[in-house]
Amino acid sequence: MVKINSISMAMQILLLVTYPVASGWAAPAITGVIGTIQDGQTVTISGSGFGTTGPNVVLFDTFEKGTSGANISTLTNSADVANWTASTRLGGTVPLYTNAYALSGTKSMAIDYRVSWGSGPSLTYSNVQNSDILVSWWQYIPTNRDVPGTNNSADGGPNWKWFWIGDQNDDWPWGSDYSIQCLSSTCDASTSLGSLDDTGTPARYDGKWYNSLLSKGTWMRVTVAMKNTTSGAYVWQQEINGSSNSVVDSVTNVVTAHSNDPWNVLVIPGFGRSDNNSVLYIDDVYVATGAGARARVEMGNASTFSASTKLAFITPTSWNSNQIKATVKQGGFKGGETVYLFVVDASGNASPSYGPLTLGQSSGGGQAPAPAGLNIITK
């Protein structure tokens, strides 16, 4: 059993009571966790201020269900949660399961830009106009490989879109959409979160240039949360790489959409210029939609969310304001490591940590579980 630090628990309860309240809303706070903190196990998280709306998790894939060297599967339940809905676009080759590199488990997705442009599986939604979305993934470039296009000066040099979201009926993928684009061999001062085609009115939020935490030989996680609406939208983007945690973009009350331009397709990775030395790897893809897309449970390596340089999503199966049931996903954590749990609400506010806990051990501390009658939200 995990020994729950009584002082830490007391401080968390005190925070629950004294945390500032704005407009009748209280920050999320965890007061109890029951279950084994281990990959695939169910935990029950009790507390308050979680919010009544949880995420609609439409995809979570660690790529462990495939065979190394085989095409990424689009079959039902091929991922940990749901499945990809398409496997090729732009005539590209199908990405492969691989055991060459992995963030979690033993496998990841290999994207080989030596043979085609823009290969990558895509997740296609029905119209998500005026909805929220949160998409997150880990990406890796080996030390002996390059950003797509680095060795292709004839076509313009480096060009790598980390993800793409837009309207597949609007001359997809060249229509109006959003992406993160890296236009240098190191992704420093040449990466932008913004629209690629913004000719409509009103003008949409166009992001900003920034220095990425990306470094060859190091796994880096990218998380992007956006609301698709013509007014009052938000854009939030975070990078972590094991040693740093950087919120590289955070804006509210902006325009992200045109009224006739729905988001109904998401592609990871978005695009890569052909290159004779570019093979990239992606792992632990998480996608959530709906009004509670930003709401989530994460496991971190520090006692505050902002200081955590390693994080792993715990996929919820039910959610209400004072109890969450979720399946543990270890991500890059190993058994025996010290971890902390966080609940983030639909507005992006993270709770104080619950922990420390030991990965692989059980926790029975805190309040008794809340009553039944939970909102089931995970597909």
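The values are calculated or read from the model by the stated rules, or taken from the named source; none is laboratory data. What you see is a predicted model, and the numbers here were worked out from it, not measured in a lab. With ideal geometry, Cβ positions are generated from the backbone for all residues, glycine too; neighbour counts draw on all protein chains shown. Remember, those area values only see protein heavy atoms, side chains included, never the ligands or the DNA or RNA. Shrake-Rupley method; radii C 1.70, N 1.55, O 1.52, S 1.80 Å.
Going through segment 324-339 one residue at a time, which ones are surrounded by fewer than 22 Cβ atoms within 10 Å (Cβ to Cβ) and closer than 17 Å to A295 by Cα?
In the first step, residues of segment 324-339 are kept if they are surrounded by fewer than 22 Cβ atoms within 10 Å (Cβ to Cβ); the result is 325, 327, 332, 334-338.
K325, T327 - these are the residues of segment 324-339 that are surrounded by fewer than 22 Cβ atoms within 10 Å (Cβ to Cβ) and closer than 17 Å to A295 by Cα.
Considering segment 288-301 alone, what residues qualify as being outside any strand (DSSP E or B) and either aliphatic (A, V, I, L, M) or buried (at least 21 other Cβ atoms within 10 Å of the Cβ) (or both)? If the condition is that a residue be outside any strand (DSSP E or B) and either aliphatic (A, V, I, L, M) or buried (at least 21 other Cβ atoms within 10 Å of the Cβ) (or both), then A291, G292, A293, R294, A295 are the ones that fit.
Open to solvent by 40 Å² or more (accessible area, probe 1.4 Å), within 19 Å of N264 (Cα to Cα) and under 18 Å from the mean Cα position of the chain (by Cα): is that true of K227 in this structure?
Values: open to solvent by 40 Å² or more (accessible area, probe 1.4 Å): yes; within 19 Å of N264 (Cα to Cα): yes; under 18 Å from the mean Cα position of the chain (by Cα): yes.
Criteria met by K227.
Please pick out the residue among P356, P369, P352 that is surrounded by fewer than 24 Cβ atoms within 10 Å (Cβ to Cβ), at pLDDT below 90 and not small (G, A, S).
Values: P356 fails: at pLDDT below 90; P352 fails: at pLDDT below 90.
It is P369.
Tell me, yes or no, whether segment 238-247 has at least one residue that is without any contact (Cβ under 8 Å) to a residue 60 or more places away in the chain, part of a strand (DSSP E or B) and over 26 Å from V58 (Cβ atoms). Yes, there is a match, as at least one residue in segment 238-247 is without any contact (Cβ under 8 Å) to a residue 60 or more places away in the chain, part of a strand (DSSP E or B) and over 26 Å from V58 (Cβ atoms). Checked across segment 205-219, the condition of being hydroxyl-bearing (S, T, Y), assigned to a strand (DSSP E or B) and within 21 Å of V344 (Cβ to Cβ) holds for no residue. Looking only at residues of segment 239-254 that are within 15 Å of the chain's Cα centre (by Cα), surrounded by fewer than 21 Cβ atoms within 10 Å (Cβ to Cβ) and of a type in the set (S, T, N, Q), we find that the one that is nearest to T304 (Cα to Cα) is S246.
Against the conditions (1) in a loop (DSSP other than H, G, I, E, B); (2) at pLDDT below 95; (3) over 30 Å from N253 (Cβ atoms), G364 satisfies every one except (1). Filtering segment 105-120 for residues that are more than 27 Å from D155 (Cβ to Cβ) and aliphatic (A, V, I, L, M) leaves an empty set. Apart from one condition, A257 fits all of (1) open to solvent by 30 Å² or more (accessible area, probe 1.4 Å); (2) in a loop (DSSP other than H, G, I, E, B); the exception is (1). Cβ-Cβ distances below 9 Å connect the following pairs, each with a first residue in segment 307-333 that is without any contact (Cβ under 8 Å) to a residue 40 or more places away in the chain, a second residue that is of a type in the set (D, E, K, R), and a separation of six or more residues or different chains: F333/D39; F333/K310.
Inside segment 260-272, can you point out the residues that are under 19 Å from the mean Cα position of the chain (by Cα) and either open to solvent by 20 Å² or more (accessible area, probe 1.4 Å) or closer than 28 Å to N301 by Cα (or both)? Give the derivation first.
Of segment 260-272, the ones under 19 Å from the mean Cα position of the chain (by Cα) are 263-271.
The answer is I268, P269.
Within segment 83-97, identify whether any single residue is hydroxyl-bearing (S, T, Y) and closer than 30 Å to F305 by Cβ, and answer yes or no. Explain how you work it out, then say what you get.
So the first thing to find is which residues in segment 83-97 are hydroxyl-bearing (S, T, Y), and the list is 85, 87-88, 93, 97.
Subsequent filtering for residues that are closer than 30 Å to F305 by Cβ retains none.
Among the residues of segment 83-97, not one is hydroxyl-bearing (S, T, Y) and closer than 30 Å to F305 by Cβ, which makes the answer no.
Does any residue of segment 87-100 turn out to be modelled with pLDDT of 95 or more and part of a loop (DSSP other than H, G, I, E, B)? Yes, some residue in segment 87-100 is modelled with pLDDT of 95 or more and part of a loop (DSSP other than H, G, I, E, B). Taken over segment 217-237, the criterion of being free of Cβ contacts under 8 Å to residues at least 60 places away in the same chain and of a type outside the set (S, T, Y) is satisfied by G232, A233, V235, Q237. Scanning segment 274-287 for residues that are assigned to a strand (DSSP E or B) and over 10 Å from the mean Cα position of the chain (by Cα) yields V279, L280, Y281, I282, D283.
Tell me whether segment 302-312 contains one or more residues that are within 21 Å of V248 (Cα to Cα), open to solvent by less than 10 Å² (accessible area, probe 1.4 Å) and in contact with a Leu (Cβ under 8 Å, 6 or more places away or on another chain). No: segment 302-312 contains no residue that is within 21 Å of V248 (Cα to Cα), open to solvent by less than 10 Å² (accessible area, probe 1.4 Å) and in contact with a Leu (Cβ under 8 Å, 6 or more places away or on another chain).
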